[in-house]
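Enquirer: Quick one: the structure is below, questions incoming.
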Amino acid sequence: MRDILNELEKIREKDAKYKQILGSMCTPPHKIAIEAYKMFIETNLGDYELFKGTKELEEKAIEWIANLLHAPPTYAGLLTSGGTESNIVAMWIFKLLSNKNEIVLPKQAHFSFLKASSILNLKLKVIDCKYYMKANEVKKKISSKTACVVTIAGNTNFGYIDEIEEIADICYDENIFVHVDAAFGGFVIPFISNKVFDFRAKISSICVDGHKMGMACIPCGFLILREKEWLEEIKVRSKCTHTKFQASLLGTRPGASAASAYAVMHFLGYEGYKKIVEECMNKTAYLTKLLDEKKIEYVKPVLNIVAIKLKNVERVAEELKKKGWYVGIDEENEIIRVVLMPHVEKDMINKFVNDLEEVIK
């Protein structure tokens, strides 16, 4: 066994360390999340009749998220593997409910909707918006064939928020479902902004990732639906398990993720998350201050994401990698992305900006 563990240690050394990672929306889990995960590592929420305690933790974690997002009493929730699964399941449900297959979404939408399109035979009508999607753009694009409009609360490259409340009003009048992809922003926006992006608007569903700013262990996502009865659309008989029915995309689901999420959410609470998010926003302001001093252009941030405007972004990213930095990259918009996650410290920011200035000279 020691030989195998030694081999694994050597292989693990090939992975990037978080002290080098500036472009990821993930971060090391909170210590209590790790401990909880280890306690429930063999549990399976795909057969929750065998793991009733773990199922209880899933329900309590979902309830915490639902309360954060002002869900109505009629809500239903699923613990998922993350935003990709959540987005696919939401599209699956709304296609079945509407009997339509057209989805309207902004060009900044996550690549998971391309997967959803392929799997579910959906037609994607993409709105070519600049930083975020506006309600008047949606109004022009929807039709009698539209099943759902996808909106984003904290898009990947800019951290911007679509005009969700206004879009939801338009879609409500047209009997069109509205899904909010808040995989990143869901654990940021409630703690620093009064922006209405959740069930206070007339949205149908929302996804949030616990393994991003929620600081739970990977994999951990949540999908919250306005109406519990909508889950019936995807319920299937599961004859090979002790649990008679499943209403999820995955069969076997890690119960450890539910324990991890429950532990960290109840340990930190609202005020704990608020403090973490405010610290990340302070670091965001610190980065932009240094960029201003170096006269390096960027897109004004609204969340803890800074899109730095550059030429030859692929070359810049490659040169930064040689110096030990891993950043996000968007060739179309000619930006590199820096995400000021909890693991990013000021000394990292100082060194990065100095290295960036050297690379772009």
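Enquirer: So what's the convex hull volume per residue for the Cα atoms of region 250-320, in Å³?
Expert: 169
Enquirer: Taking the highest mean first, how do the peptides 244-253, 7-16 order by number of other beta carbon atoms within 10 angstrom per residue?
Expert: Going from most to least packed, we get 244-253, 7-16.
Enquirer: Still on this structure, I have one more. Taking +1 at the Cβ of each Lys and Arg and -1 at the Cβ of each Asp and Glu, which of 54, 127, 338 sits farthest along the dipole of the chain towards its positive end, judged by Cα position relative to the Cα centre?
Expert: 127
Enquirer: Go through 260, 286, 310 and say which Cα lies farthest out towards the positive end of the charge dipole of the chain; charges sit on Cβ, +1 for Lys and Arg, -1 for Asp and Glu.
Expert: Ranked along the dipole, the leading option is 310.
Enquirer: Would you check region 217-298 for Lys pairs whose C-alpha atoms are within less than 24 Å, ignoring same-chain pairs closer than 8 in sequence, and give me the count?
Expert: The result is 9.
Enquirer: Lysines near residue 140 by alpha-carbon distance under 26 Å, same-chain residues fewer than 8 away left out - which ones?
Expert: Counting by Cα, and skipping residues close in sequence, residue 140 has these lysines nearby: 95, 100, 107, 115, 123, 125, 130, 195, 202.
Enquirer: Could you tally the net charge around residue 101, taking each other residue with its Cβ under 13 Å from the Cβ of residue 101, Lys/Arg +1 and Asp/Glu -1?
Expert: It works out to a net charge of +4.
Enquirer: Another question about this same structure. Please pull out the direction-averaged projected area of region 15-57, using the convex hull of its alpha-carbon atoms, in nm² to one decimal place.
Expert: 4.5
Enquirer: Then there is this: From zero up to wherever the largest Cα-Cα distance of region 223-361 sits, split into 5 Å bins and tell me the percent of pairs in each.
Expert: 2, 8, 14, 14, 12, 9, 9, 11, 9, 7, 4, 2, 0
Enquirer: Also, quick follow-up: Mind giving me the nanometre distance, one decimal, between the label points for residue 315 and residue 282, set 7 Å out from Cα along Cα→Cβ?
Expert: 3.9
Enquirer: Please give the FRET efficiency for residue 333 paired with residue 242, using the beta carbon to beta carbon distance and R0 = 41 Å, rounded to the nearest 0.05.
Expert: Calculated transfer efficiency: 0.25.
Enquirer: Can you tell me the relative contact order of region 177-232? Whole percent, Cα pairs under 8 Å, sequence separation 6 or more.
Expert: It rounds to 36 percent for region 177-232.
Enquirer: Moving on. Determine the sum of side-chain charges near residue 195: Lys and Arg each +1, Asp and Glu each -1, restricted to other residues whose C-beta is under 14 angstrom from that of residue 195. Working shown, then result.
Expert: Values: positive: 200; negative: 162, 163, 165, 166, 198.
Residues near residue 195 contribute -4 overall.
Enquirer: Among 71, 178, 192, whose Cα projects farthest towards the positive end of the dipole of region 31-266, with charges put on the beta-carbon of Lys, Arg (+1) and Asp, Glu (-1)?
Expert: Final value for the positive-end residue is 178.
Enquirer: Also, I was wondering about something else. Let's test this: bin the Cα-Cα distances of the chain at 10 Å from zero up to the farthest pair and state each bin's percent.
Expert: 5, 23, 31, 26, 12, 2, 0
Enquirer: Let me ask you something else. Could you work out the relative contact order of the chain? I mean the mean sequence separation of Cα pairs under 8 Å and 6+ apart, divided by the number of residues, in percent.
Expert: Working: 693 pairs, mean separation 87.8, N = 361.
Dividing the mean separation by the residue count of the chain yields 24 percent.
Enquirer: Next question. Just how large is the dipole of region 31-266 about the Cα centre, in debye to the nearest 20, putting +1 at every Lys and Arg Cβ and -1 at every Asp and Glu Cβ? Each step should come with its number before you reach the end.
Expert: Numbers: 28 positive and 26 negative charges, 101 e Å.
In total the dipole reaches around 480 debye.
No lab work stands behind these numbers, since they all come straight from the coordinates. Computed from a predicted model, the values in this text were never measured in an experiment. All Cβ positions, glycine included, derive from the backbone under ideal geometry; neighbour counts span all protein chains shown.
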